Amino acid sequence: MPQKDPCQKQACEIQKCLQANKYIESRCADVIEAMRKCCAAHSGKESVCCSGFAIQHAAAEKKT
């Protein structure tokens, strides 16, 4: 049986928050930050939820 993704809960929370807030990302900043922290904590593990998140986060940091 496959292991549960360590950051699946945070990924689901992001989706719920975005849907509830008409996809206005700034209203979900705390939930997104929780996902970043989870992905950073589990960077050595295989995480489908974090696969694109880390790349997106690195690109956002380069812009600032």
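The values are calculated or read from the model by the stated rules, or taken from the named source; none is laboratory data. Given the structure is predicted, the values throughout are model-derived calculations rather than measurements. Here Cβ is always computed from backbone atoms with ideal geometry, including for glycine, and neighbour counts include all displayed protein chains.
What to note about this one:
- Some residue of region 24-36 being of a type outside the set (Asp, Glu), at pLDDT 90 or above and outside any helix (DSSP H, G or I): yes
- Taken over region 24-50, the criterion of being among the aliphatic types (A, V, I, L, M) and surrounded by fewer than 16 Cβ atoms within 10 Å (Cβ to Cβ) is satisfied by 24, 29, 40, 41, 48.
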